[in-house]
Amino acid sequence: MNKNTTEPPPISIFPAKRTYIDYPWLVWAIGWLAVYKGLIWITTDPLAPDPVLKITGIKYLLFMIPYTVMGIGIWNLRKWAMQGVLILAAVELLFFILYSQSLSTLAIDKTNLFIHIFTAAIMIINGPISVFIILIAGIGLMKYAGKYELLDEQQE
């Protein structure tokens with residue numbers, strides 16, 4: 001890639017450079033967290049009353065594609081993705097504050113150790129903990145926005 005150009009490289013769903021040691025770990029981690037937040041709810045079977053499940057399900061459907069796209073955009077160091085994930089996290093935090101009944105869908109099932117660990121992971125990824133992580137990390141994340149030289153495959 002020519003470092004004298006401001007032209008961003010094409011978006012790659014899984015940019016190879018994201019697995020390199022010199023790639024910023026914060027960009028890698030928040031990208032994965034956004035992708036997980038977009039897709040992990042598909043693996044869950046929450047226990048809650050129907051009205052709570054319906055509203056929470058609508059929230060998941062509305063956030064699924066944006067979180068996944070923002071995660072991929074973050075890996076590609078796109079400023080719009082980094083700003084977008086912060087906006088999504090702020091809206092989701094507002095959702096948890098205004099509709100706290102949705103937290104009941106994140107209840108931990110203690111039937112066995114594996115399910116307990118799996119449910120705890122889902123609670124962390126889908127719950128307010130991950131929202132706080134994204135909002136706090138967003139401060140550091142923005143310093144990588146548009147730094148396309150970090151994606152350059154050619155070593156000079």
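Could you grab me the full set of residues in the stretch 122-156 that are closer than 16 Å to LEU39 by Cα and without any contact (Cβ under 8 Å) to a residue 12 or more places away in the chain?
Scanning the stretch 122-156 gives a single hit, ILE124.
Can you name the residue in the stretch 99-114 that is open to solvent by less than 60 Å² (accessible area, probe 1.4 Å) and either within 23 Å of GLY71 (Cβ to Cβ) or aliphatic (A, V, I, L, M) (or both) and, of all such residues, is modelled with the highest pLDDT?
Within the stretch 99-114, the match that is modelled with the highest pLDDT is SER102.
Only one of (1) modelled with pLDDT of 90 or more; (2) out of contact with any helix residue (DSSP H, G or I) (no Cβ under 6 Å at 6 or more places or on another chain) fails for MET70. Which number is that?
The failed condition is (2).
Quick check on my filter: what residues within the stretch 23-43 are touching a residue at least 60 places away in the same chain (Cβ under 8 Å) and either under 17 Å from the mean Cα position of the chain (by Cα) or over 21 Å from ILE133 (Cβ atoms) (or both)?
Within the stretch 23-43, the subset touching a residue at least 60 places away in the same chain (Cβ under 8 Å) is 23-24, 26-27, 29-30, 33-34, 36-37, 40-41, 43.
Listed by number, the residues that qualify are PRO24, LEU26, VAL27, ALA29, ILE30, LEU33, ALA34, TYR36, LYS37, ILE40, TRP41, THR43.
Can you name the number of the only condition in (1) assigned to a helix (DSSP H, G or I); (2) within 21 Å of ILE42 (Cα to Cα); (3) out of contact with any Leu (no Cβ under 6 Å at 6 or more places or on another chain); (4) open to solvent by 30 Å² or more (accessible area, probe 1.4 Å) that MET123 fails?
(3)
Quick one: PHE96 ticks every box in (1) under 16 Å from ILE55 (Cβ atoms); (2) open to solvent by less than 50 Å² (accessible area, probe 1.4 Å); (3) touching a residue at least 40 places away in the same chain (Cβ under 8 Å); (4) not small (Gly, Ala, Ser) bar one, so which box is it?
(3)
Which of the residues spanning the stretch 8-50 are at pLDDT below 75 and open to solvent by 60 Å² or more (accessible area, probe 1.4 Å)?
Initial filter on the stretch 8-50 (at pLDDT below 75): 43-49.
Residues satisfying the conditions are THR43, ASP45, LEU47, PRO49.
Could you figure out which of (1) closer than 18 Å to ALA29 by Cα; (2) part of a helix (DSSP H, G or I); (3) at pLDDT below 90; (4) not hydroxyl-bearing (Ser, Thr, Tyr) isn't true of GLY146?
Against the list (1) closer than 18 Å to ALA29 by Cα; (2) part of a helix (DSSP H, G or I); (3) at pLDDT below 90; (4) not hydroxyl-bearing (Ser, Thr, Tyr), GLY146 comes up short only on (2).
The values are calculated or read from the model by the stated rules, or taken from the named source; none is laboratory data. What you are looking at is a predicted structure, and each value in this text was computed from that prediction instead of being measured. All Cβ positions, even for glycine, are placed from backbone atoms using ideal geometry, and neighbour counts span all protein chains on display. To get the accessible areas, we keep the full protein, side chains included, count just its heavy atoms, and leave off ligands, DNA and RNA. Shrake-Rupley method; radii C 1.70, N 1.55, O 1.52, S 1.80 Å.
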